[in-house]
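What follows is a set of notes on a single structure, which appears directly below.
Please treat every number below as a calculation from the coordinates, not as lab data. The structure displayed is predicted, hence computed values, not measured ones. All Cβ positions, glycine included, derive from the backbone under ideal geometry; neighbour counts span all protein chains shown.
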Amino acid sequence: MEKTKVIIVSEVSIDGKLTIAKGISSKELMSLMDEDANKYLHQIRDICDGILVGAETIRTDNPSLTVRYVEGKNPIRIIPTNSLNLGENRSIFDTSKAKTIIVTSKKAYEEKKDVVNKLLEKNIEILICGEDKVDFQKMLKELYKKGIKSLMVEGGAKINWEFIKNDLVDEIHLIVVPVIVGGEDVPTLVGGEGFKTLENLKKFKVKDTFKLGNQIINIFTKL
Ligand SMILES: NC(=O)c1ccc[n+]([C@@H]2O[C@H](COP(=O)([O-])OP(=O)(O)OC[C@H]3O[C@@H](n4cnc5c(N)ncnc54)[C@H](OP(=O)(O)O)[C@@H]3O)[C@@H](O)[C@H]2O)c1
């Protein structure tokens, strides 16, 4: 059966951190990326039909998730959330250049009708997938029906875990910035409970690795 191709793309430090401190926007780490790396990231945005980040990334980073470093089209922005609390004046609420779909559970949709109405007024589409939390497998099927056949997932750690745990990831691109962040509580590429035993680890194969400007690009694909 045809399914949406899912590509995780993340900027990480040498020690696999997604940001420089817990609760801090990853835009600070990204400010260390050179033009080559930014172009690489935005080229993938351009070729994907959709781009997805977690609601916490919307709250801390307020990203626009558009294509700017290369000529190209903006992917549809997709944000899963149970709280429906994304804050005010977010860049993704500006739908003049790119469409935004908020994915939530039936429970949250019914309990937060006032928030739902405000989002609809902003021309944002709401997709209900799952009873009391978003069912990611169901979400991908619904997105495929909407024509989203390739999806770039740009984190954060909790969202990456949801995709990895459900075996939904086809490819991972790491843009490794040559700095070390340290810190036990700083989010790394994948959060969640972890797989804990050797046989349960999620296994990938190495597709490519190369130097790009002052970064290393590592590409892994599903076994
Ligand atoms: N370096 C990079 O490439 C990169 C990229 C992105 C983000 N980041 C950084 O990563 C950090 C944020 O990561 P994070 O792990 O804390 O959060 P996150 O993955 O961005 O978002 C987590 C949120 O997603 C929603 N969510 C997750 N699973 C869900 C489910 N099954 N159903 C419904 N909603 C679900 C929840 O939103 P609600 O709480 O609203 O329900 C949850 O709180 C920030 O510091 C950010 O700067 C780095």
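The modelled label-to-label distance for the pair Ile14/Lys133, using points 7 Å beyond Cα in the direction of Cβ, is 3.5 nm. For the range 26-173, a crude dipole built from +1 on the beta carbon of Lys and Arg and -1 on the beta carbon of Asp and Glu, taken about the Cα centre, is about 480 debye to the nearest 20. Scalar couplings 3J(HN,Hα) for the range 209-221, obtained by applying the Karplus form with A = 6.51, B = -1.76, C = 1.60 to θ = phi - 60°, are 8, 7, 8, 9, x, 9, 10, 10, 9, 10, 10, 10, 10 Hz; x denotes Gly and Pro. A protection proxy built from the mean count of other Cβ atoms within 10 Å ranks the segments 168-177, 46-55, most packed first, as 46-55, 168-177.
The Rg/Rh ratio of the range 3-100, with Rg taken over Cα atoms and Rh as the Kirkwood radius over Cα pairs, comes to 0.94.
By how many nm would the segment from Lys27 to Glu111 lengthen if fully extended, with 0.36 nm per residue of separation less the alpha-carbon distance? Mind dumping the intermediate values first?
Values: separation 84, 0.36 × 84 = 30.24 nm, distance 3.29 nm.
That works out to 26.9 nm of additional length.
If you take the Cα atoms of the range 118-175, find Rg, then find the Kirkwood Rh from the mean of 1/r over all pairs, what is Rg/Rh?
With Rh from the inverse mean 1/r over Cα pairs, Rg/Rh is 1.00.
Convex hull volume of the C-alpha atoms in the range 5-222, normalised per residue: 124 Å³.
Can you tell me the length gained on complete extension of the stretch Val206 to Lys149, counting 0.36 nm per residue apart and subtracting the Cα distance? Let's see the in-between values first.
On the way: separation 57, 0.36 × 57 = 20.52 nm, distance 2.33 nm.
Stretched out fully, the Val206 to Lys149 stretch lengthens by 18.2 nm.
Evaluated over the Cα positions of the range 61-167, the convex hull gives a direction-averaged projected area, one quarter of its surface, of 7.2 nm².
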